[in-house]
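Read the structure below first, then the notes.
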Amino acid sequence: SGVLIAPNTILTAGHVAKVASYYKLYINVEGSLYPIIVKKIDYNSDLAILTIPGLFGEYASIASSRPFLYERVRATGYPIHNNLKSQITTEGKILAQVEDKLITSAVILPGSSGGGLWHMNWFGKFELVGITVSAPLIPYGFMGLPVFNISNSVPVEYIKLFIQNYVN
């Protein structure tokens, strides 16, 4: 999964791009094959930039700041079990904000890593507030019981810094 942020430019999770760096991969867009080129992977932030020559479309609007605690968010991606047939969207809330992660109740299904975490701004438009990276962040909760529906994303300020350093 990934998010189109500029012409030919996809933002995704670093661990997703790592797989793409080992193989010669192509994306099929309306019957045309485009090569996927790994431009930069930052394993510390778990972010990556892919370039796909000839890929155009609607670019993501990137939020100016993190969402509020308990704000409703949507996670998007193409989970493995769906065979990339269609985008899956899950909804949840921001549960916590640690330094380098947003913790959310929006479920991130296997294969959806690298997709967007979105909130709706004051004008009713969706903005990118995170890149989904994993679930669960905390394997066990109260009294050692498993925690379900807890996922984490790289927050927008890390995304902006990464884009500033590696896209331009």
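The values are calculated or read from the model by the stated rules, or taken from the named source; none is laboratory data. Given the structure is predicted, the values throughout are model-derived calculations rather than measurements. FYI the Cβ positions are ideal-geometry reconstructions off the backbone, even for glycines, and counts take in every protein chain you see. These area figures cover heavy atoms from the full protein model, side chains too; ligands, DNA and RNA do not enter into them. Shrake-Rupley method; radii C 1.70, N 1.55, O 1.52, S 1.80 Å.
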Worksheet entry | Cβ crowding within 10 Å averaged over residues, with 20-28, 154-162 ranked highest first | 154-162, 20-28
Fill in: Karplus (6.51, -1.76, 1.60) ³J(HN,Hα), θ = phi - 60°, over segment 104-110, in Hz, Gly and Pro reported as x
9, 8, 6, 5, 10, 7, x
Fill in: Largest to smallest accessible area among LEU69, LEU109, LEU47 [probe 1.4 Å]
LEU69, LEU109, LEU47
Response to the item:
Taking Cα atoms only, helix 156-166 is inclined relative to the longest principal axis of the chain by an angle, in degrees rounded to 10, of 30
Discussion item. Using 5 Å bins from zero, what percent of all Cα-Cα pairs in the chain falls into each bin?
Written reply: 2, 9, 18, 22, 21, 15, 8, 3, 1, 0, 0
Fill in: Computed magnitude of the charge dipole of the chain (debye, nearest 20; Cβ of K, R +1, Cβ of D, E -1)
160
Practice prompt. Name the residues whose placed amide hydrogens come within less than 5 Å of the amide hydrogen of LYS40, ignoring near sequence neighbours (fewer than 5 apart) on the same chain.
Written response: ILE49
Worksheet, complete the sentence: For segment 31-45, in residue order, the Karplus 3J(HN,Hα) values (coefficients 6.51, -1.76, 1.60; θ = phi - 60°; whole Hz; Gly and Pro = x) are x, 10, 9, 10, x, 9, 10, 7, 8, 7, 10, 10, 6, 5, 8
Discussion item. Leaving out ligands and nucleic acids, and using a 1.4 Å probe, what accessible area per residue does the chain come to in Å²?
Written reply: 57
Response to the item:
Relative contact order in percent for the chain (Cα pairs under 8 Å, 6+ apart) equals 22
Worksheet item: Between LEU69 and PHE126, what length comes free when the chain is fully extended (0.36 nm per residue of separation minus the Cα-Cα distance, one decimal in nm)?
Response: 18.8 nm
Fill in: Share of carbon and sulfur in the accessible heavy-atom surface of segment 1-128 [1.4 Å probe, %]
57
Response to the item:
Of PHE126, PHE56, ordered by accessible area with the largest first and a 1.4 Å probe, the sequence is PHE56, PHE126
